[in-house]
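The values are calculated or read from the model by the stated rules, or taken from the named source; none is laboratory data. What you are looking at is a predicted structure, and each value in this text was computed from that prediction instead of being measured. FYI the Cβ positions are ideal-geometry reconstructions off the backbone, even for glycines, and counts take in every protein chain you see.
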Amino acid sequence: MTESKGEPYPSRLPAQQRIEGGVLLAAEPMTHRAQEAELLMKASRGDEAAFVVLYERHRTPVFRFACRLLGSAPLAEDITHDCFLSIMRKPDLFQPELASLRTYLCAAARNLAFKQLRRRGIETTVEEPPEPQPTGATPDPLQRVISGEMTEHVRQAVETLPPLQREAVILFEYHDMSLADVALVAQTDVGTIKSRLHRARQRLKRALAPWYESAAAGRPEETSHA
């Protein structure tokens, strides 16, 4: 897989072809996207009120996405700032017929975050690096442990996932994006995202085995918010 060097959009999955589970889904209504495109143009021309609306609407999810990818709040702040600065300078890069503004910003944040990971020597293009051998079968489901973000152990386990799997989990589990939107951000197809989520969940089951088994048995977990 190659990352986009210009626009953050993949050309393979336009929003008009949202497919999940073999079902063609209707794209997000254009009205909201068109309104955001108009606000963006106003903001790029110096309309402070329009900028504030967009910034307050999208800053937090973009920051959280970058922070979970990198495990660093200061770097996530820088990336969030750069994303908004870039879109203000080049508002025409946002194409509302392809994706929502939030999806666009997350795609831009993803590209910047992966650059940071590569500077650390972390491989961001390998689809499936070697995994540790499973130690045994674990019960299902994992959802209660993951979606609750109930412990520091969950955050640490997500941070140890390979970058391609990590971003899929973050966007799908924590940001409630559809598989199609996750694919847009990751610049790939829905089938690949499903595969990454499956492999990520297997890794998390092993990493979180004690808490996962407690959740499966219906016992309360220790809670600790980072």
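Name the one entry in THR188, THR192 that is more than 9 Å from the chain's Cα centre (by Cα), in a loop (DSSP other than H, G, I, E, B) and outside the structural domain of ALA66 (by TED's automatic domain parsing). First the steps, then the outcome.
On the way: THR192 fails: in a loop (DSSP other than H, G, I, E, B).
Answer to the selection: THR188.
Return yes or no: is VAL53 touching a Ser or Thr at 6+ places or on another chain (Cβ under 9 Å) and either touching a residue at least 24 places away in the same chain (Cβ under 8 Å) or not assigned by TED's automatic domain parsing to the domain that holds VAL154 (or both)?
Numbers: touching a Ser or Thr at 6+ places or on another chain (Cβ under 9 Å): no; either touching a residue at least 24 places away in the same chain (Cβ under 8 Å) or not assigned by TED's automatic domain parsing to the domain that holds VAL154 (or both): yes.
For VAL53, the condition - touching a Ser or Thr at 6+ places or on another chain (Cβ under 9 Å) and either touching a residue at least 24 places away in the same chain (Cβ under 8 Å) or not assigned by TED's automatic domain parsing to the domain that holds VAL154 (or both) - is not met.
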